[in-house]
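The values are calculated or read from the model by the stated rules, or taken from the named source; none is laboratory data. Here the structure is a predicted model, which is why all the values come from computation and not from measurement. So basically every Cβ, Gly included, is an ideal-geometry build from the backbone, and we count neighbours across all protein chains shown. With ligands, DNA and RNA removed, areas are computed over all heavy atoms of the protein, side chains included. Shrake-Rupley method; radii C 1.70, N 1.55, O 1.52, S 1.80 Å.
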Amino acid sequence: TPLLESNKINANREDGVSYEGTSSGLARNNIVDGNGDDGFDITDNATPTVEMNTVFLNGDDGFEISVFAAPDIMNNDVRDNEDVAFSYEYIAGGTIAGNTCQNNRGMRFIPAGNGDVILAPTTSVPLFLNVVAGGCTLILY
């Protein structure tokens with residue numbers, strides 16, 4: 001299992017870290033900032049564990065989770081990103097736990113085939129023990 005630990009990942013034109021296909025692994029204690037798109041882009045059937053990272057000042061989302069991805073995202077500091085802290089799209093799953101989200105636009109859940117901001121009935125994303133503060137709103141319609 002690949003380990004991405006104690007790195008500074010910044011000022012890239014696109015995503016800071018991208019998990020695609022059936023990738024997995026552990027991303028821990030990284031600083032992911034100032035990237036042109038998302039701090040973390042987790043898509044397809046990827047199932048990484050992402051913990052204790054600082055994710056800030058990225059050009060879009062702190063985390064974008066899409067398609068069938070099912071990451072475990074725990075104990076991260078996600079702040080001051082241009083858009084939302086977490087964007088769940090289509091029928092992605094996994095767990096969001098113990099994260100601090102501050103000064104982002106919120107958390108967004110978008111089902112397949114619908115541009116509205118909504119938590120899809122097919123999406124099962126446990127949200128627990130997260131701190132959401134400083135102008136950050138959890139959006140569940």
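Things to note:
- Stretch gain in nm, segment residue 45-residue 18, where the contour uses 0.36 nm per residue and the Cα spacing is subtracted: 8.5 nm
- Ordered by solvent-accessible area of protein heavy atoms (1.4 Å probe), largest first, the residues 74, 107 come out as 74, 107.
- Subtracting the Cα-Cα distance of residue 105 and residue 1 from 0.36 nm times their residue separation leaves 34.2 nm of extension gain.
- For residue 110, the residues whose modelled amide H falls within less than 5 Å of its own, excluding neighbours fewer than 5 places apart on the same chain, are 88, 89, 90, 118.
- In nm, spacing of pseudo-spin labels at residue 57 and residue 26 (7 Å Cα→C-beta vector): 2.9
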